[in-house]
Every structure is written in structure tokens, then in C-alpha cells.
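S.K.: Would you mind keeping the following structure in view while I ask a few things?
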Amino acid sequence: MAAPPCPAACGQSLDMLLLEIRHLSSHRKLGSARLEDTVTLFLASYSSVLCFCSVLVLACERASSIPVQRLLYVLCATVRFTSQVDQYLYHMRLSDETLLEISRRFRKEMEKGLGATTHPTAAVKMLPTFVDQYLYHMRLSDETLLEISRRFRKEMEKGLGATTHPTAAVKMLPTFPVTCSHERYSGMLECLGRIPVETTWPLASVSQHLESYQLLFAEWLFDHIAECLANFMDKLQIKAKKLPLGFTFSFPCHQTKLDESFLVSWTKGFKSSGVEGRDVVNLIRQAIRRRGDFDIDIVAVVNDTVGTMMTCGYDDQNCEIGLIVGTGSNACYMEEMRHIDMVEGDEGRMCINMEWGAFGDDGTLNDIRTEFDREIDMGSLNPGKQLFEKMISGMYMGELVRLILVKMAKEELLFQGKLSPELLTTGSFETKDVSDIEDDKDGLRKAYQILVRLGLTPLQEDCVATQRICQIVSTRSASLCAATLAAVLWRIKENKGEERLRSTIGVDGSVYKKHPHFAKRLHKAVRRLVPDCDVRFLRSEDGSGKGAAMVTAVAYRLADQHRARQKTLEALKLSREQLLEIKRRMKVEMEQGLSKDTHAVAPVKMLPTYVCATPDGTEKGDFLALDLGGTNFRVLLVRVRNGKRKGVEMHNKIYSIPQDVMHGTGEELFDHIVQCIADFLEYMGMKGVSLPLGFTFSFPCQQNSLDQSILLKWTKGFKASGCEGEDVVTLLKEAIHRREEFDLDVVAVVNDTVGTMMTCGYEDPHCEVGLIVGTGSNACYMEEMRNVELVDGEEGRMCVNMEWGAFGDNGCLDDFRTEFDVAVDELSLNPGKQRFEKMISGMYLGEIVRNILIDFTKRGLLFRGRISERLKTRGIFETKFLSQIESDCLALLQVRAILRHLGLESTCDDSIIVKEVCTVVARRAAQLCGAGMAAVVDKIRENRGLDSLKVTVGVDGTLYKLHPHFAKVMHETVRDLAPKCDVSFLESEDGSGKGAALITAVACRIREAGQSFICCWSIHLKIGEFWDMVQLLGASRQDRSQRRLQVQCAGLPKPEQVGNETFPIVCSGAEEASLAAFNEQ
């Protein structure tokens, strides 16, 4: 049933209702049954008399008659119902006597609120409003606190920025405790039991005795610390042991590493001279050495705030903020490495010592600071500094209250306008007094006692006002702390990208712990300012000393692991003396390879290439080149121009060699090569043209002449039958003849190293050395013919293919090879061979790194001791990963991504270790390569009897070109080991194919001139006769020949400089007949 309506008549009293009924009964007729039903229904459904009255009036308006008995019935029913309600709500009907009693009780509570002894327990506090009005600017609204929080976030960003850090007030100093994850953090802390925690306690106890040393010299201060430490160790009878020490140093410091910290400035009243700007760890070490009666291994120096965070973090892994509110105030937190510009690395997190006491030193808080804050600052030991700390810390809180009391007394608002000498004395009102006065139970009595101690005669209201002043000052301190903490929480939340942050703040400090209300006010304010953060405050019960011990324990464990890794890596780090010895041994092996007697057993074969000249700029023409060294090969057309248009124009096309061809017969392989040449000539529109051809054939060969090279064995996956032991030039010519479409003149077959030297020699005439450092490694250089005993002839020079990859195959490098080199060699396709190449080339460096990583992991030094299956896979760690990991622009986050791609789950510490391993292995390779090259250039210099040599090395290879540091390290090594040689390095941009074409061009140029490219001999002429002969040749030949002879003999003296002495003259080719005839005359 629908509820009856309640119009305005529901506000009438019962008396007015009866009057209304009488009025209606005299004018209208109401149906008695209808009226009775309505009243009964309402009484059954409702308990409101006023609503019943409303329904009754409506019923009377609609009724036609109203018998008196019915009205009496209604009236009786109404009165009966009303009496029931009154009885039910009897206690809510207050009499005048009751109200007077309430008034009397309230007067009594007012008296309690004003009473000194009864105020703490009074419900009605009776707070003096004049104090609140007087200190209006110290009562901060939430809007003001949020604005302060915003400013502090901005200061944090300035402190973290590389360009803004020097001028930032909040310095945001890195502390070097680093963690990448909570798992890692937990792992760090579990080591606490391994190191005696008490080794850090002495420094905590020392602080009690330092007051008299605060203004003395550095030596005295730290000598006193060392004395206290010695006394403590004596007491524990541990003085004979060398224990690790964690040093909690609670002053602003610039920390460069865990055991090195430079004092930025003294705070907290310290002014000891000669300490600022110096490493405090070194100062205490010096003090310990001056004593000489004990020794300590100072492993870590930490700020007290960091120690607090570490202490609380042991109990709560969510602890990522440390807070100190005591004599001073500071905070630290875990910041993302990618945001810390002052430290290398971008993954993981590092603890930042904020040094937030200096917040506002640049004027940021000028509108927040009061006249009392300014007065405290002006009277401090460091005016203008640590302004925020002076607003919140215990060192200044009591003084702030004293200044307020003094000013209010002067204005006759307190103490009847009277002052005392004690109240006017700086420091007479301590922060402990603030805590005592705000005590809930005994605060006003303590206030009275403290004021009497200060020589005052306080009234009751003076005590209450003093208590209120203390409340306002301490509340402001807690609110300011909350504002800055809110900024830190907001930043952590933003860094993590979480909608709601759950975090724990580890807290220590006398104000936080001993003030009766500070902690509660701080908690409430923080939760108001950052409602989307679930914040837990965890008190540090053991102080920052335990945290320092934890950092020490972690550092000690990590130092042990670091030493173990360094001991392993030490074998891969070569000293200058070792590199000089390797250079010496290389020169010995080179001599053995050149000698006819020892060549057969020499590992470094020093093979003649029959290339006796380099480009002189006069070459010209079109040449074909083949570059075969793998599953793909190139066909090139090289156009060489001289004169004003001097240059090289190249066209090339890359062809693949199918697997079945690589493993088929020799005829099939070379037929395929000729087919590709035919396709290229047709592609270039030169079908049927016969051109000179140079052939770069990068497989082990015995070369007997420039155009004859016997394949010794296939490598790189080739297995074509009928080729080993055969001349590859002959095999190529036979394939050309079988096709009968074109003819080519195969002029030269060369190694890729020689081709590189010739390519760079075209650009730089000083280029006499070629070097390949890629998948494999090799070198060549121009050797004096008199030293190449495998080839007849004494004069001139010939390019020698060193095949230096086999250096060490006879065991001469065994004392430099590590267990990882041995493992790589034993599991290779050619164990015992190419040992030097396996230490320096791109094919093997990644495998060396993989073996080291496995060793570290098995020993628990990497990847938390867990070896992945992929890490066990040979060849998975390619050398290109070394180049990527060592890239300067590659962040640790990307290094970790590379490792993850390899199936290696790593922390940031793991990434750093992997990067170090890659660096050591690649650096050793570059140094070994540099030592070999130093031997080569020094031999060239010694061959020519020169005090100094200027020479260029042409270089090619992916490792040299793509690794970010290989080239630089190799260059530095060559300069260091061969100081008498001015060595330049020129990268080969066009590969060895261009070099083969240029060798062909040189051979054609000499052949066209009627010279023998390889036959060199000497005659002896008097100088005068020789220059006459030069003139004779110049008259019958082109000027080019004369110029060439003059160049060849440019070092000979003029006739007028000598007498009849004879000199050897090197000649070749067409000059032979003329010179011989001239000599006979």
C-alpha cells in the first residue's frame, strides 16, 4: 500500500489537530466508517503522530458527516498513541533541570582545559587562539604543502641532471649501493651473517665524544676516532684481526665509489679544518696507520640515511626510502640508473643521498620561511646554507620555539611582558623540551618547570600558550617533511609506472622516535598528500650502524667475487713486458719462415707472393677481378684511370655458390665460376671481350709465381674434389676453354691480405703492409729480396704472405694461452693449428667469452650460478655481440636485451660483468695483433737500416672496422712497441677484389713496358757512368722510364759527391740489355 501524503499540516501539534477536527465537524459531514478505517490503518502502519494528523485532516475534508462518538473515538486513539511515543523516547525529552546540569558540567571542563595539571586529560582543550593567529604563517595548508612538494620535485631533477647538478641546491649524490630488483636486494642482505656487524659499531659510539673535537684540525678529529675504535676492539679482544669496517659518515659527501667519499661541507655544528674536499676514508686510514697497533679493511662508507634504509630493508623488501629526522635531517631513495647522469649505466637502481637539508638554499623557500627562520639562520655557523634542515630538524626546533617566546614576551603577549637572561640565551630551550611540553599526560606541568628553569614566572595561560607554540613548530616540521617525502614517493611511483605505489620508508632520528606526536603527524600528512600511495613507516631499531654493516657485508662479498673474477681475467691482461716478448717471438718466427733451412718446420710460413711492385699512378685500363673466399663470391670490372682523371671505377656483382657445387667436383665448381663470369660480362655489355684478370683466392696455397698457386687444402666448408694439390689458375683456364665463349688472361692470383695492401697502396704510396682482422686474421708486407730465401734474387722487394695465424702452433705462445684458449682450440675443427688466429680473430673471440661466462657461472660469480642451456651451445655468443656490447652508446638495458636474446636472464650486475669480459677479451686480441704488427714494421725498419720509418698499413676485416675499440687499442699498442716507426692505418673501403685488379694492372703496366715483373738483378756502376746511362736511356726511351729510374735511384749521391766508388744498381726487364751493353763499353 502506498504511503499517505504528508502536506504542511504534518507540522501541527496535537492541540491544533483537535481544534481542526472541531472546526470540520461543524461544517462538514464525515463518513464515520471511512474515518475510523483511515485512523486504524494509519495507526497500524505509522509511528509518526504528525503524519497521522495530516491523514486525519484529509479524511475530514472528504467526509460528509462526523458523529460525535466518532470524533471522541479518534481523539482517544490519538491521545493513546501519543502517550506510547512519549514513553518510548522518554530520555530524549530534557527538562530544564537537566539542561542546567549540563551547563554546570561544561563550566567544569573549561576549567580543566585551562588548568596546568588537568589540561593534558581535558576533553575541552581551551587552546589560545591568539597563538594560532600570531603564528599564522607557520601553519601550512595542504595546498601550500603540495606547492612545496612540486618545488622539491623540480630540485630533485636539477640535482640528477649532468648540466644542472653543479648549481643545484639538492645535490642528489650517488652512494653506490646498487640493486636491480628486489630479488637482488634480498640476496645482498642475506650476507649479513658472514661479516661481524660489530665492526661498524665503534663509529656510532664515537659520536658521543666528538663535541670537543668539532672545531679542531682534521688529524686530531680522526686520531680521536681511531683511538675510540682501538679501545672498542680492545674491549672485544679482536684487535689482532683485520676485519672489514663499514663507516657511517653523516655529512654531505661526494662519493666516487663505495670506499671513497669526499666531504663537501660540514654541517651539524662541525667546523674541523682541513677536511672539506678530502676523502674521509683516506683520513681515517691515515689515522689508523699513525697508531700502528691495529689494522682495518675499510670496505664501505655510507651516509646514515642510507644505513637506515638498508637496516629497514632487511625486514621489509619494499623499503626504498630512508629518512632521518634528528639533530639533522636528510633522506635517500632508490633512483633509476637511467636518470642519474653522474654515473655510467642505465639499468637497475642506485641509492641517492638527497642531502635535502639544502633545499631552499637558492631562495626556493623564501616565501615559506618566517622571520624566526631567518633569525636562526643568521645566528648559525653556516648562514645561508641548510635552510630546509633549519626549519625541520631537532638541532633548531627548540631554538625556534625560544625565539618565538622571546618575541611574544617583548610584545607583552606572554609572561606579563617580562624576559629573563636564561630565555635570551641561545640554545637554552632544547628540542627535548619541545617533546616534553607536548607530552599528553604531563605536558603542561613540564612546560611550567621548563619556563621556571628559564627564570620566568609563568601563569597558567603562559604554559598553555607555550605548549601550543611547540605544537605549531613541530607540526610544521612534520608537514614540511611530509611534503618532500610526497615528492620522493611521487617520483618513485612515476619511475615504476604504477597506478598505486606500495612502499616502505625506513626512519630514524631522535625527533621522529622521541617526540610524542611527530611521527603520527608525519604519517597523516604524507597519506593526505599522496593518497594513491600505500606507505608504511618502519622505525630503524638498530640505527644506521647495522645498515653500514649490511653494506659492508655486501661489499665484502662482492669484493671477494670481484677478486675471483679478476684473478681469472688477469691471465688475459697483458703487460707491456709481455707484449714486447710476444713481439720478439714473432720476429724470431718470421726469420725462421723466411729461411730456406727452417721454412719447412716454421709455423709462420712467410710465403712469397711474387708481387714485387706497388701501383705508381701510371696504371690504366679495364681489368676483371674475382674474389673467392666463401659461399658468395664477387666478379668485378675495375677501370683504372691515370693523369688528371686518375681514379678507380668499379662495377661488381655478387654470386652464390650452391652447397652441392661446393661439395661436388672441381670441374663443376670452376664451370660455375666461369658461368658467373659470362653472366657478368653479358650484364656489363662486354660479351666476347678478352680482359686481364686478377684472382683473389683466399684459401691456403703454395704460390710458385704470380699466376700459379697450388691449393693446399680447402677450408670454410668447401670440399670440391680434384682441386687440392692443383694449380687453381690452371683449373680456371681449363674451365674457360671448355666454355669456348671468351678468353681471359689470368695475370695474377693473390691472397686477400695482399689485395688489401695493393688497394690501399693505390691511395697511399707508403702502404707496404696489409692486414686482415675479421673472421680470420693474416698479414703481409714488402720484404727485402735478400731475405726471401725461397726465391732466387738478392735485390728489390717482394710481398710476403705471412700466414701469421699459425704463430704459436709450435708451442711458443703456450705461456700466454689461457685455459679458455685451450678449450676453444680443442673443440675447433683444426685443433692445434692456427693458435694465434684463435686468440685474435672474430671467428673465435665470442667462443672465448662464452667459455669464460660458463666458468664464472659454475663458480657462482655470474647469473646467480644458473647456467642456461643456450649458454652451453657452442658458437651461440657471436663476435658481433662483443662489438654491440662494448659500444659506447649502448646502455646496460640494451646489453641485457642482447643477453636475453641469447636466453640469458641477467641482472644489471651480470650485464656489467659480461661487458667487462668482452672488453678484456677484445682488448687482448687488439694488443696481440698490435704486437705482431709492431714486429712487422720494426723488421721493415731494420731491413733498411733506418733510424725511423714512415709506413702505412692497409687494413680490412669486420672486427677491425666494426668493433668500437679494437682499432684504437691496436694502434696504441703498435705506437708503444715500435716507437721508431711512424705507422698510419688506412682502411680498405673496396675489399680485396679491387686489390687483385690493381695487381693485375701493375703486372700489365710492367709487361707493356717490356720489363720482367719478377726477374731482378744488379750490376755495379760508377756513379758518373750511371747518370750518363740514365741520360742515354732518356734519349731513346720515353721520359717515363727515365723518371722511374731516377725514382728508383733517388737515394744515390751525385757524381761530384764521390770518386770512383761503385754502387749496386737494381734493374729489370728492358733495361737489362742497355745496361749490359753500356757496362761492356
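S.K.: Could we say that I450 is buried (at least 20 other Cβ atoms within 10 Å of the Cβ), in contact (Cβ under 8 Å) with a residue 24 or more places away in the chain and of a type in the set (V, I, T) here?
M.R.: When the stated conditions are applied, I450 does not pass them.
S.K.: May I pose another question? Name every residue in the stretch 968-1003 that is at pLDDT 95 or above, crowded, with 20+ Cβ neighbours inside 10 Å, out of contact with any strand residue (DSSP E or B) (no Cβ under 7 Å at 6 or more places or on another chain) and among the aliphatic types (A, V, I, L, M), in order of residue number.
M.R.: Hits for the stretch 968-1003 are M970, L977, A978.
S.K.: Let me ask something additional. Is it the case that L829 is out of contact with any Ser or Thr (no Cβ under 9 Å at 6 or more places or on another chain) and of a type in the set (A, V, I, L, M)?
M.R.: Judged against the criteria, L829 is not a match.
S.K.: Continuing with the same structure: G761: in contact (Cβ under 8 Å) with a residue 60 or more places away in the chain, surrounded by 19 or more Cβ atoms within 10 Å (Cβ to Cβ), within 16 Å of R944 (Cβ to Cβ) and touching a strand residue (DSSP E or B) at 6+ places or on another chain (Cβ under 9 Å), yes or no?
M.R.: no
S.K.: Identify, please: which residue in the stretch 670-712 is aliphatic (A, V, I, L, M), more than 19 Å from E724 (Cα to Cα) and in a loop (DSSP other than H, G, I, E, B) and is, among those, modelled with the lowest pLDDT?
M.R.: Top of the filtered list is V689.
S.K.: Which is modelled with pLDDT under 85 and either open to solvent by 50 Å² or more (accessible area, probe 1.4 Å) or not in a helix (DSSP H, G or I) (or both), of T82, T117, T98?
M.R.: Matching residue, one of T82, T117, T98: T117.
S.K.: Looking at N382, N353, which one is open to solvent by 20 Å² or more (accessible area, probe 1.4 Å), out of contact with any Asp or Glu (no Cβ under 9 Å at 6 or more places or on another chain) and of a type in the set (S, T, N, Q)? First the steps, then the outcome.
M.R.: Working: N353 fails: open to solvent by 20 Å² or more (accessible area, probe 1.4 Å).
One residue alone meets the criteria, N382.
S.K.: Sticking with this structure for a sec: Taking D956 as the residue in question, decide whether it is under 17 Å from V849 (Cβ atoms) and either crowded, with 23+ Cβ neighbours inside 10 Å or touching a residue at least 40 places away in the same chain (Cβ under 8 Å) (or both). If you could, list the steps in order and put the result at the bottom.
M.R.: Values: under 17 Å from V849 (Cβ atoms): no; either crowded, with 23+ Cβ neighbours inside 10 Å or touching a residue at least 40 places away in the same chain (Cβ under 8 Å) (or both): yes.
No: the conditions fail for D956.
S.K.: Give the residue that is most open to solvent (accessible area, probe 1.4 Å), with candidates limited to residues of the stretch 869-878 that are of a type outside the set (A, V, I, L, M), assigned to a loop (DSSP other than H, G, I, E, B) and within 14 Å of I898 (Cβ to Cβ).
M.R.: This residue is E878.
S.K.: Considering only helices (runs of 4 or more DSSP H) fully contained in the stretch 299-406, which possess at least 2 residues that are of a type in the set (S, T, N, Q)?
M.R.: In the stretch 299-406, 304-315 are the helices (runs of 4 or more DSSP H) which contain 2 or more residues that are of a type in the set (S, T, N, Q).
S.K.: Please go through the stretch 576-621 and pick out each residue that is of a type in the set (G, A, S), open to solvent by less than 30 Å² (accessible area, probe 1.4 Å) and farther than 30 Å from Y762 by Cα.
M.R.: Hits for the stretch 576-621 are S595, A602.
S.K.: Quick check on the stretch 640-684: of everything there that is charged (D, E, K, R) and touching a Gly at 6+ places or on another chain (Cβ under 8 Å), which residue is least open to solvent (accessible area, probe 1.4 Å)?
M.R.: R641
S.K.: Select from the stretch 802-826 the residues that are open to solvent by less than 10 Å² (accessible area, probe 1.4 Å) and not in a helix (DSSP H, G or I) and write down the one among them that is nearest to N943 (Cα to Cα).
M.R.: M802
S.K.: Identify, by number, the condition in (1) under 15 Å from V551 (Cα atoms); (2) open to solvent by less than 40 Å² (accessible area, probe 1.4 Å); (3) acidic (D, E); (4) touching a Leu at 6+ places or on another chain (Cβ under 9 Å) that D316 doesn't meet.
M.R.: Going through (1) under 15 Å from V551 (Cα atoms); (2) open to solvent by less than 40 Å² (accessible area, probe 1.4 Å); (3) acidic (D, E); (4) touching a Leu at 6+ places or on another chain (Cβ under 9 Å) one by one, D316 breaks only (1).
S.K.: From the list G930, G954, which one is over 17 Å from M757 (Cβ atoms) and touching a helix residue (DSSP H, G or I) at 6+ places or on another chain (Cβ under 8 Å)?
M.R.: Working: G954 fails: over 17 Å from M757 (Cβ atoms).
Selected residue: G930, the only one of G930, G954 that is over 17 Å from M757 (Cβ atoms) and touching a helix residue (DSSP H, G or I) at 6+ places or on another chain (Cβ under 8 Å).
S.K.: Which count do you get for residues in the stretch 685-705 that are buried (at least 18 other Cβ atoms within 10 Å of the Cβ) and hydroxyl-bearing (S, T, Y)?
M.R.: Looking only at that region, the number is 2.
S.K.: Condition first: among the charged types (D, E, K, R), farther than 18 Å from A897 by Cα and open to solvent by 30 Å² or more (accessible area, probe 1.4 Å). Now tell me which residues in the stretch 844-865 satisfy that.
M.R.: If the condition is that a residue be among the charged types (D, E, K, R), farther than 18 Å from A897 by Cα and open to solvent by 30 Å² or more (accessible area, probe 1.4 Å), then D855, K858, R859 are the ones that fit.
S.K.: Right, here's the next one. Could you tell me whether R864 is farther than 23 Å from A926 by Cα and outside any loop (DSSP other than H, G, I, E, B)? Walk me through it before giving the result.
M.R.: Details: farther than 23 Å from A926 by Cα: yes; outside any loop (DSSP other than H, G, I, E, B): yes.
Considered against the rule, which asks whether it is farther than 23 Å from A926 by Cα and outside any loop (DSSP other than H, G, I, E, B), R864 comes out as yes.
S.K.: Do any strands (runs of 3 or more DSSP E) entirely within the stretch 235-278 hold 1 or more residues that are at pLDDT 80 or above, and if so, which?
M.R.: Fully inside the stretch 235-278 and qualifying: 260-263.
S.K.: Kindly establish whether R584 is out of contact with any strand residue (DSSP E or B) (no Cβ under 7 Å at 6 or more places or on another chain), basic (K, R) and not in a loop (DSSP other than H, G, I, E, B).
M.R.: Yes: the conditions hold for R584.
S.K.: Moving on. Does T753 satisfy the condition of being open to solvent by less than 30 Å² (accessible area, probe 1.4 Å), out of contact with any helix residue (DSSP H, G or I) (no Cβ under 6 Å at 6 or more places or on another chain) and under 19 Å from P700 (Cβ atoms)?
M.R.: yes
S.K.: Can you pull out every residue in the stretch 562-575 that is of a type outside the set (D, E), assigned to a helix (DSSP H, G or I) and open to solvent by 40 Å² or more (accessible area, probe 1.4 Å)?
M.R.: Once the filter is applied, which keeps residues that are of a type outside the set (D, E), assigned to a helix (DSSP H, G or I) and open to solvent by 40 Å² or more (accessible area, probe 1.4 Å), the stretch 562-575 yields H562, R563, K567.
S.K.: Could you check the stretch 413-445 and list, in sequence order, the residues that are buried (at least 17 other Cβ atoms within 10 Å of the Cβ) and closer than 17 Å to G394 by Cβ?
M.R.: S428, F429, E430, T431, D433, V434, S435, D436, I437, E438, D439
S.K.: Okay, next question. Answer yes or no: is there a residue in the stretch 319-331 that is open to solvent by 40 Å² or more (accessible area, probe 1.4 Å), free of Cβ contacts under 8 Å to residues at least 12 places away in the same chain and out of contact with any Pro (no Cβ under 8 Å at 6 or more places or on another chain).
M.R.: No: the stretch 319-331 contains no residue that is open to solvent by 40 Å² or more (accessible area, probe 1.4 Å), free of Cβ contacts under 8 Å to residues at least 12 places away in the same chain and out of contact with any Pro (no Cβ under 8 Å at 6 or more places or on another chain).
S.K.: So if I check each of S1041, S1012, which one is part of a helix (DSSP H, G or I), polar (S, T, N, Q) and at pLDDT below 50?
M.R.: S1041
S.K.: Conditions: (1) closer than 16 Å to G755 by Cα; (2) open to solvent by 50 Å² or more (accessible area, probe 1.4 Å); (3) modelled with pLDDT under 85. R1007 meets all but one. Number of the miss?
M.R.: (1)
The values are calculated or read from the model by the stated rules, or taken from the named source; none is laboratory data. The model shown is predicted, which means the values in this text are computed figures rather than measured ones. Positions of Cβ are generated from backbone atoms using ideal geometry, with glycine treated the same way; all protein chains shown enter the neighbour counts. These accessible areas exclude ligands, DNA and RNA; they are computed on the full protein's heavy atoms, side chains included. Shrake-Rupley method; radii C 1.70, N 1.55, O 1.52, S 1.80 Å.
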